[in-house]
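S.K.: Right, I'll just put the structure down here and ask away after.
The values are calculated or read from the model by the stated rules, or taken from the named source; none is laboratory data. If you're wondering where the values come from, they're calculated on a predicted model, not measured in any experiment. Cβ: placed from backbone, ideal geometry, glycine included. Neighbour counts: every protein chain shown.
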Amino acid sequence: MTLADQAASAPGDLGDQVPLLRLRGIDKHFGAVQALYKVDLDLPPREVTALCGDNGAGKSVLTRCIAGIHQADHGEMFWEGRHVNIRGPRDAAALGIEVVYQDLALADNLDIVQNMFLGRERMHRIFLDEDSMERAASETLAGLGVTTVRSIRQPVASLSGGQRQAVAVAKAVMWNSKLVVLDEPTAALGVVQTRMVLDLVRRLKDHGLAVMVITHNLNDVFEVADRIAVLHLGRKVAEGPAAQFDRQSVVDYMTTGSSDR
Amino acid sequence: MAQAEEELRKGSGEVSVAAAAAPVDPTAAAVDAVPPEIVAETLGEYLRAWFSRVTSGATGALPVVLGLVVIAVAFEIWTQGLFLSPGNLVNLFIESMVFMTLGMAEIFVLLLGEIDLSAGYVLAVGAAIAGILVQKPGPDWPWWLAIIVALVCCGVTGAVWGTLVSRLHLPSFVVTLAGLLIMWGVMLVILGNAGAISISSRILVNQHVLYEFVWGNIPPLAGWIALAVVAGIFSVTLWTRDAGRRRRGLVAPPAGLTALKIGFFVAAGIAVVAICNVNRGAVTQVVEGVPWVVPIVFVVLLIWVFLLQRTKFGRYVYAIGGNPDAARRAGISLPSVRTWAFVLAGVTAGISGILYLSWQGGTSTNVNGGQYVLYGVAAAVIGGTSLFGGRGKVAQAVLGGLVIGAIYNGLYLQAVQVQWQLIATGLVLVGAVLIDTLSRRGSLSGSSARI
């Protein structure tokens, strides 16, 4: 089967568009437990895809396969139509995939600039090039519309939950990334901060990035998602434009794996 | 306090999201957790923000400085004016140097949330190796080669502890406790049956150079000239850096604060040189000038500050201390950074060993390495370094070392018996850890309330 055939047979309203990331028949098991079973998924560019599922549905495992932390047992991945093997986090980063984990992976004692450049510091001979890093971090944050932090040099410990999420997202988009995966970005946030993060997700899309949001919060799903995919017990049970779903159908898919609606 | 914060928020012209979302108290904590020097635009604003932070528990270096003042006043009264006499203050500086360098050694590992209990006996081994190598009859090596070999040996011990801790995941407490015993034994082996060596010969050049590190003085005029040069370089560098950052629109402290920092540095330098340049000798013999050990420790401090604040290695040490998982996911090699931190701790303990050798004019099997390492940890913690990792600065060891040195010196002046010295130092250490824990609890409850 050629790539063109696959594109034509893809589900949903993708048309002739080549998805940024295409997963086909992803299997993953841990010992006797089958975590993912023949999962197909398309993540189109410039769209927000919500990956929904109850606890234990396989959302995290699928994320880790995309991030290169786990390797799928079977199945294929296509990046911009090209067959790829993601064997580690560095492979994923090289393609332009960045994952923002639920714990955000920020060092509380470092400031915003230091966190955004952690592990990829710019150097001026043997010393850190603080000026250039501060300017770049500041531009990225401004580009994402994050203007609520008092100072870019304040320690991350002094930020609110929403601001921390924003810093983690800004850290992810700094590196010419094309796909940003957000793991439960609003799980620990209040109403105002959730709104701020969802605005941020929309702005990522406006910047031309593909976004995958992993969540079981239906408010978030219908607020930002262009497409919805639902996992149930390791199988993908639904995928399509958000307009094809309503709350009840998503809940049905998440809890029983099927929907009458 | 609330009013000061309100002014602060108005001053920056921004509305924090936290302010809108959270109840009043946690938001106040959020504002307080922002260091005032990065948000204040004038010196007055900085001082108001600083004051509001202090009153809400983020005390910074204040307890140490106040503690030093209290100790100085108390001993000055108790010793009827002897404590603050120039001659005694120079003694105090000299005694503090060993505590300061040991404190710096501990800071490398404390920043990672680890501890190095072996440092006291690594000091003793460093002193013994350097001392043995300049003996004549004996190896009679050049003094600089003796120092290098001693420091390399101390660094290697650090590499061993660091490898065990970072690659085999053994607890640093146990590894370096074993290291304490091993190095104690190694010191006894090196010093052999005689049990003591001396480097106080005035004829043998290699011994005399080592001896002069602590007991040799810079001529008073040269001291003033050196201070002028160092203070000039420091002022110009700091001012051009801050002014440049302000001009380019980067985060920088207000000009008044930069000037204040320069003023403090110059004043401290003038005070030290002025005190040291007073004749502290007996009637027949003039003894004056800054002991060489002061610039030596200053240079060590400067190098370590640059390493920790301005290089990748230093950044990674702080990152690992703050959140090891984040560091790992950022692609940082935790084992190699951890191992190097232990190596640097070993080398710095070796430096304090060289200073100890010079101070005592030799070394013997009586070195109480167990007590010294605790003084080193105490110096770091009293200075404000956290035992839980991620928070602390090398310069804090200087203040902490001065506190330990002051207690040691004052009680010694009064001929207080050693048991009371131990008790007094222990109480100060408990006080320092208490402040660390309370301020940490304060900041933790603040951040958990905000999430």
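S.K.: Can you name the number of the only condition in (1) in contact with a Leu (Cβ under 8 Å, 6 or more places away or on another chain); (2) at the interface with another protein chain (Cβ under 7 Å from one of its Cβ atoms); (3) surrounded by 18 or more Cβ atoms within 10 Å (Cβ to Cβ) that residue A:148 fails?
M.R.: With (1) in contact with a Leu (Cβ under 8 Å, 6 or more places away or on another chain); (2) at the interface with another protein chain (Cβ under 7 Å from one of its Cβ atoms); (3) surrounded by 18 or more Cβ atoms within 10 Å (Cβ to Cβ) applied to residue A:148, the lone miss is (1).
S.K.: Go through (1) closer than 13 Å to residue A:172 by Cα; (2) in a helix (DSSP H, G or I); (3) more than 15 Å from the chain's Cα centre (by Cα) and name the single condition residue A:106 misses.
M.R.: Looking at each condition in turn, residue A:106 falls short on (2).
S.K.: Can I ask one more? For the stretch A:80-121, how many residues are at the interface with another protein chain (Cβ under 10 Å from one of its Cβ atoms) and touching an Asp or Glu at 6+ places or on another chain (Cβ under 6 Å)?
M.R.: Selection size over the stretch A:80-121: 2.
Residues checked against (1) free of Cβ contacts under 8 Å to residues at least 24 places away in the same chain; (2) assigned by TED's automatic domain parsing to the domain that holds residue B:146; (3) not in a loop (DSSP other than H, G, I, E, B):
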site	(1), (2), (3)
B:84	yes, yes, no
B:87	no, yes, yes
B:106	no, yes, yes
B:116	no, yes, no
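S.K.: Something else now. Select from the stretch B:222-251 the residues that are free of Cβ contacts under 8 Å to residues at least 60 places away in the same chain and either assigned by TED's automatic domain parsing to the domain that holds residue B:296 or not in a helix (DSSP H, G or I) (or both) and list them in ascending order.
M.R.: B:248, B:249, B:250
S.K.: Report yes if some residue within the stretch B:191-212 is in the same structural domain as residue B:121 (by TED's automatic domain parsing), of a type in the set (Phe, Trp, Tyr), assigned to a helix (DSSP H, G or I) and surrounded by 20 or more Cβ atoms within 10 Å (Cβ to Cβ); otherwise report no.
M.R.: yes
S.K.: If you check B:188, B:180, which single one turns out to be surrounded by 17 or more Cβ atoms within 10 Å (Cβ to Cβ) and assigned by TED's automatic domain parsing to the domain that holds residue B:339?
M.R.: B:180
S.K.: Give the residue that is farthest from the chain's Cα centre (by Cα), with candidates limited to residues of the stretch B:318-352 that are hydrophobic (A, V, I, L, M, F, W, C) and within 11 Å of chain A (Cβ to nearest Cβ).
M.R.: B:330
S.K.: Still on this structure, please answer the following. Against the definition (of a type outside the set (Lys, Arg), under 22 Å from residue B:215 (Cα atoms) and buried (at least 24 other Cβ atoms within 10 Å of the Cβ)), how does residue B:382 come out, yes or no?
M.R.: When the stated conditions are applied, residue B:382 does not pass them.
S.K.: Here's a check for you: in the stretch A:20-46, which residue that is free of Cβ contacts under 8 Å to residues at least 24 places away in the same chain and part of a loop (DSSP other than H, G, I, E, B) is farthest from residue A:96 (Cα to Cα)?
M.R.: Looking at residues that are free of Cβ contacts under 8 Å to residues at least 24 places away in the same chain and part of a loop (DSSP other than H, G, I, E, B), I get A:32.
S.K.: Does residue B:315 count as within 11 Å of chain A (Cβ to nearest Cβ) and not in a loop (DSSP other than H, G, I, E, B)?
M.R.: Yes, satisfied.
S.K.: Further question: If you scan the stretch B:232-257, which residues turn out to be farther than 25 Å from residue A:137 by Cβ and in contact with a Phe, Trp or Tyr (Cβ under 7 Å, 6 or more places away or on another chain)?
M.R.: B:234
S.K.: Sort through B:375, B:412 and tell me the only one that's of a type in the set (Phe, Trp, Tyr), within 24 Å of residue B:297 (Cα to Cα) and free of Cβ contacts under 8 Å to residues at least 24 places away in the same chain.
M.R.: Every option except B:412 fails the conditions.
S.K.: Here are the criteria: (1) surrounded by fewer than 24 Cβ atoms within 10 Å (Cβ to Cβ); (2) more than 27 Å from residue A:249 (Cβ to Cβ); (3) modelled with pLDDT under 90. Tell me which single one residue A:215 does not satisfy.
M.R.: Looking at each condition in turn, residue A:215 falls short on (2).
S.K.: Of all residues in the stretch B:352-379, which are surrounded by fewer than 23 Cβ atoms within 10 Å (Cβ to Cβ), of a type in the set (S, T, N, Q) and not in a helix (DSSP H, G or I)?
M.R.: Correct list: B:364, B:365, B:366, B:368.
S.K.: Follow-up question, since we're still on this one. Identify the single condition in (1) surrounded by fewer than 24 Cβ atoms within 10 Å (Cβ to Cβ); (2) within 16 Å of residue A:41 (Cβ to Cβ); (3) under 13 Å from the mean Cα position of the chain (by Cα) that residue A:182 does not satisfy, given that it satisfies every other one.
M.R.: (1)
S.K.: Out of everything in the stretch B:312-322 that is without any contact (Cβ under 8 Å) to a residue 12 or more places away in the chain and touching an Asp or Glu at 6+ places or on another chain (Cβ under 9 Å), what residue ends up being farthest from residue A:122 (Cα to Cα)?
M.R.: Across the stretch B:312-322, the extreme among qualifying residues is B:315.
S.K.: Out of (1) surrounded by fewer than 19 Cβ atoms within 10 Å (Cβ to Cβ); (2) not assigned by TED's automatic domain parsing to the domain that holds residue A:21, the odd one out for residue A:115 is which?
M.R.: With (1) surrounded by fewer than 19 Cβ atoms within 10 Å (Cβ to Cβ); (2) not assigned by TED's automatic domain parsing to the domain that holds residue A:21 applied to residue A:115, the lone miss is (1).
S.K.: State yes or no: is residue B:144 surrounded by fewer than 17 Cβ atoms within 10 Å (Cβ to Cβ) and within 20 Å of residue B:301 (Cα to Cα)?
M.R.: Criteria met by residue B:144.
S.K.: Now for a different question. Residues in the stretch B:410-430 that are among the aliphatic types (A, V, I, L, M) and under 17 Å from residue B:83 (Cβ atoms): how many?
M.R.: Residues meeting the conditions: 6.
S.K.: Anything in the stretch A:189-222 that is among the hydrophobic types (A, V, I, L, M, F, W, C), out of contact with any strand residue (DSSP E or B) (no Cβ under 7 Å at 6 or more places or on another chain) and more than 17 Å from residue A:52 (Cα to Cα)? List them, or say none.
M.R.: Listed by number, the residues that qualify are A:189, A:191, A:192, A:196, A:197, A:200.
S.K.: If you don't mind, there's one more thing I want to ask. I need every pair where a residue in the stretch A:243-261 that is loosely packed, with under 14 Cβ neighbours inside 10 Å and assigned to a loop (DSSP other than H, G, I, E, B) has its Cβ under 8 Å from the Cβ of a residue that is hydrophobic (A, V, I, L, M, F, W, C) and at pLDDT 90 or above, sequence separation at least 6 or different chains.
M.R.: Correct list of pairs: A:258/A:237.
S.K.: Let me ask something else about it. Hey, among A:159, A:209, which residue is crowded, with 22+ Cβ neighbours inside 10 Å, assigned by TED's automatic domain parsing to the domain that holds residue A:68 and in contact with a Lys or Arg (Cβ under 8 Å, 6 or more places away or on another chain)?
M.R.: Exactly one of A:159, A:209 is crowded, with 22+ Cβ neighbours inside 10 Å, assigned by TED's automatic domain parsing to the domain that holds residue A:68 and in contact with a Lys or Arg (Cβ under 8 Å, 6 or more places away or on another chain), namely A:209.
S.K.: Take the conditions within 10 Å of another protein chain (Cβ to nearest Cβ), within 26 Å of residue A:161 (Cα to Cα), in contact (Cβ under 8 Å) with a residue 12 or more places away in the chain and surrounded by fewer than 20 Cβ atoms within 10 Å (Cβ to Cβ) and apply them to residue A:134. Does it pass?
M.R.: no
S.K.: Being touching a residue at least 40 places away in the same chain (Cβ under 8 Å) and part of a helix (DSSP H, G or I): is that true of residue B:256 here?
M.R.: yes
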